[in-house]
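Here's the structure, in C-alpha cells; my notes come after.
Just so it is clear, none of the values below were taken in a lab; they were calculated from the coordinates. Quantities reported herein were computed from a predicted structural model and do not represent experimental measurements. Here the Cβ positions follow ideal geometry from the backbone for every residue, glycine too, while neighbour counts run over all protein chains shown.
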Amino acid sequence: MSLSFRTITPAMDVKAGLIAGFIATVVLSILMVAKSSMGLMPQLNPIEDIVQVAHLLTGMTLPLPFGWIGHFLLGTVVWGIIYAALQASLPGAPIVKGLIFGALAWLAMMIIFTPLAGHGVFALSLGPQATVATLVLHLVYGAVLGVVYAKVAQQ
C-alpha cells in the first residue's frame, strides 16, 4: 500500500489545502496591496510585521521581500494544511467552514502574532479599525479557502 501526497485520509486532502491556501493568499494579497495603494490604515502592515517578528525571533535583519515570502508560506502551507486537517470537523457548507476557519486564524493572529509584532493583543495599539479590517480580510481569506478547497477536493 502506498501513501499518496494527494490524500492522506479520506477527510484530509493536503494538495487541495495547498492549492486553496495559495489561491486564498493571492486574493488576500491583492486586497492588502489595494489597501496600501489607497493609503488606508498605513499603520497596518502585516508584511513589515512578519519581518519584524522574524527579526525578534531570530535576531536576523531580513529584507522586506522576506515578509511576502513568510506571508505566502503561512497562508499557503501552514493555514492550507491546517484547514485540510480541520475542515471535515467544521460545520456547514464549504463557505461557512471557511468563514469559521478564517475567524479562528484571525483570532490566532490577534492573540499570538500582533503582540509579537508590538501591537498588543487584538492589535489595540493600531486602533479598532485595524482589528476590524484584519477580521474582514481573514473572513475573505477563509471564504475563498473553503470554497476552493471543496472544489479541488471535489467535496
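Under the membrane-span-like helix rule (DSSP H runs whose alpha carbons stretch at least 24 Å along the helix axis, mean Kyte-Doolittle hydropathy 1.0 or higher), the chain yields 14-37, 128-153.
In what sequence, highest mean first, do 102-113, 133-144 appear when ranked by Cβ atoms within 10 angstrom?
133-144, 102-113
Count Lys and Arg as plus one, Asp and Glu as minus one, and take only other residues whose Cβ is under 15 Å from that of S36; the net charge is then -1.
At the listed q of 0.18, 0.19 Å⁻¹, the Debye profile of the chain, built from one uniform point per Cα, gives log10 I(q)/I(0) equal to -1.06, -1.15.
Run the dipole for the chain about the Cα centre, Lys and Arg Cβ at +1, Asp and Glu Cβ at -1, nothing else charged, and hand back the magnitude in debye, nearest 20.
My answer is approximately 320 debye.
Bridgeable lysines around K97 (alpha carbons under 22 Å apart, same-chain partners fewer than 8 residues away excluded): K15, K151.
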